Amino acid sequence: ASAILLILVALVCAVPAVTAQAPQTATPAFDVAGTDAAKVQSFLKSLQTAVAVDNRMKVASMFSYPVDVWADGRVITIKGGGDLQANSCKVFDPSLKQTIASAKVEALSAKADGVVLGNGRVVFAPVGDKLKVTRIAEPVQ
């Protein structure tokens with residue numbers, strides 16, 4: 001009986017303790033888009049802030065040109081930062097501003113052509129060593 005008790009004690013001591021861990025929020029992988037979560041988080045926060053305070057110069061610096069954007073019910077090609085600033089009210093309508101403001105990294109997805117925000121409404125991707133907006137599409141109805 002004491003031999004069985006020693007075997008049971010040895011088995012119990014040999015099994016590692018299981019500790020509960022707090023659940024972590026899953027962050028999507030952005031490898032397929034050529035970037036990582038930290039860069040995406042930083043870019044998204046900067047874009048949200050610049051759009052929220054209507055810093056048109058900062059927003060314009062976050063785009064890759066030329067870029068096709070949905071504005072005034074159609075696709076237009078923006079040739080440069082000055083062009084985007086001049087068309088800012090048409091491009092950044094209340095719907096797009098809300099889409100950008102409410103975006104969360106956890107809800108973004110990555111595709112070969114970039115990181116997708118708002119059901120494909122905004123796409124941004126690495127251009128050189130920085131992330132840049134590469135497309136603003138028609139809102140999904």
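Read-outs throughout are calculated quantities, based only on the coordinates presented, and are distinct from any laboratory measurement. Because the structure is a prediction, the values reported are computed rather than measured. Heads up, the Cβs are rebuilt from the backbone with ideal geometry, glycines too, and the neighbour counts pull from every protein chain shown.
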task: Would you kindly compute the Cα radius of gyration of the range 31-141 and its largest Cα-Cα separation (Dmax), both in Å?
output: 12.7, 34
- prompt: How large is ³J(HN,Hα), in whole Hz, for each residue of the range 126-139 in order, when computed from phi with the Karplus curve 6.51 cos²θ - 1.76 cosθ + 1.60 and θ = phi - 60°, using x for Gly and Pro?
  reply: x, 10, x, 9, 10, 7, 9, 5, 10, 6, 10, 9, 4, x
task: Using amide H atoms built 1.01 Å from N in the peptide plane, name the residues 5+ places from ASP113, or on other chains, whose amide H lies under 5 Å from its own.
output: none
query: Hey, rough spin-label estimate for TYR65 and ALA29, points 7 angstrom out along Cα→Cβ, what's it come to in nanometres?
result: 3.7
Inter-probe distance in nm under a simple model that places probes 7 Å from Cα toward Cβ, at ASN87 and ALA101: 2.4
task: Taking H placed 1.01 Å from N in the peptide plane, check which residues at least 5 places from VAL122 or on another chain put their amide H under 5 Å from its amide H.
output: LEU117, ALA137
statement: Whole-Hz Karplus couplings 3J(HN,Hα) for the range 38-53, θ = phi - 60° and coefficients 6.51, -1.76, 1.60, Gly and Pro as x, run 5, 5, 5, 4, 5, 5, 4, 4, 5, 5, 4, 5, 4, 5, 4, 9
- request: For VAL127, list long-range residues whose amide hydrogen, built 1.01 Å from N in the peptide plane, is under 5 Å from its own amide hydrogen.
  value: LYS132
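So between VAL53 and ASP72, what do we pick up on full extension, going 0.36 nm a residue minus the alpha carbon distance?
On the way: separation 19, 0.36 × 19 = 6.84 nm, distance 2.16 nm.
Separation in residues times 0.36 nm, less the Cα-Cα distance, equals 4.7 nm.
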- request: Please compute the Cα-Cα pair-distance distribution of the range 32-82 with 5 Å bins starting at 0, giving whole percents from short to long.
  value: 5, 17, 19, 23, 23, 11, 2
